[in-house]
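**Q** First the structure, then my questions, so here it is.
The values are calculated or read from the model by the stated rules, or taken from the named source; none is laboratory data. From a predicted model like this one, the values you see are computed outputs, not experimental measurements. All Cβ positions, glycine included, derive from the backbone under ideal geometry; neighbour counts span all protein chains shown.
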Amino acid sequence: MRLILVGPPGAGKGTQAVHLAAHYSIPHISTGDIFRANLKEGTPLGLQAKSYMDKGELVPDSVTNAMVKDRLTHGDTANGFLLDGFPRNVAQAEVLRAILAEKKTPIEAALELSIDNAEIIKRLSGRRTCRGCGKVFPGQFEKCDACGGELYQRDDDKEEVISRRLEVYAEQTAPIIAFYRQEGLLITIPAVGDVAEITASAIRALSQKLS
């Protein structure tokens, strides 16, 4: 299974990626993990990325694309992979298509987690994070049940910041949904409800698409 997961911030991509990767026995590949690995290991690509980050600049697509291309050469991707956080725009989607065409291993599906902006704002603005261990909780919790630490609201979970993140998503990332629809690869499922139910819905939809 070669799968891309798309959807706005707060749709639950990270959670679903873990469950789906386990179900299909494929690696969950996130751009965040790729960046951290390259920076930690001091690879040439990591050093290139660091040179931009140290200046407060965005890492250009060319460096991100090269990191993803390198990651897809690792042995654990032989039977497939789940990409989370890449591609972020149509230009990256086109590069990914070219990378996989070289290997004759095209993407099999792009799974969109669909959720209303109002629900995202409600979900994210209600989250609290533990200062001690970093665990995230729904708003009704007062203390961390893991370490007893104080809970606080992160700046990027504040309503005005979430609204801006959704605007950026609509401008930059949402167009890849149209890209994959045109490619005939898009599957859309609702991302509201119980985590296990959403996972089951995704697996059913993927089975129907690929059968």
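**Q** I'd like to know if segment 43-56 contains one or more residues that are at pLDDT 90 or above and surrounded by 18 or more Cβ atoms within 10 Å (Cβ to Cβ).
**A** Looking through segment 43-56, at least one residue is at pLDDT 90 or above and surrounded by 18 or more Cβ atoms within 10 Å (Cβ to Cβ).
**Q** Working only within segment 95-145, note down all residues that are of a type in the set (G, A, S), closer than 24 Å to I4 by Cα and either modelled with pLDDT under 95 or surrounded by fewer than 17 Cβ atoms within 10 Å (Cβ to Cβ) (or both).
**A** Result: A98, A101, S114.
**Q** Sticking with this structure for a sec: One residue is enough: does segment 61-72 have a residue meeting the conditions under 20 Å from P9 (Cα atoms), under 17 Å from the mean Cα position of the chain (by Cα), surrounded by 17 or more Cβ atoms within 10 Å (Cβ to Cβ) and not aromatic (F, W, Y)?
**A** yes
**Q** Residues being assigned to a helix (DSSP H, G or I), charged (D, E, K, R) and free of Cβ contacts under 8 Å to residues at least 24 places away in the same chain: count how many of those fall in segment 178-211.
**A** 3
**Q** If L82 meets every condition in (1) at pLDDT below 95; (2) among the hydrophobic types (A, V, I, L, M, F, W, C); (3) touching a Leu at 6+ places or on another chain (Cβ under 8 Å) apart from one, which number is that one?
**A** (1)
**Q** Okay, next question. Exactly one condition in (1) among the β-branched types (V, I, T); (2) without any contact (Cβ under 8 Å) to a residue 12 or more places away in the chain; (3) farther than 23 Å from R36 by Cβ is false for V136; which is it?
**A** (3)
**Q** If you take the residues in segment 1-33 that are touching a helix residue (DSSP H, G or I) at 6+ places or on another chain (Cβ under 9 Å), β-branched (V, I, T) and surrounded by fewer than 21 Cβ atoms within 10 Å (Cβ to Cβ), which one is nearest to I121 (Cα to Cα)?
**A** Within segment 1-33, the match that is nearest to I121 (Cα to Cα) is T15.
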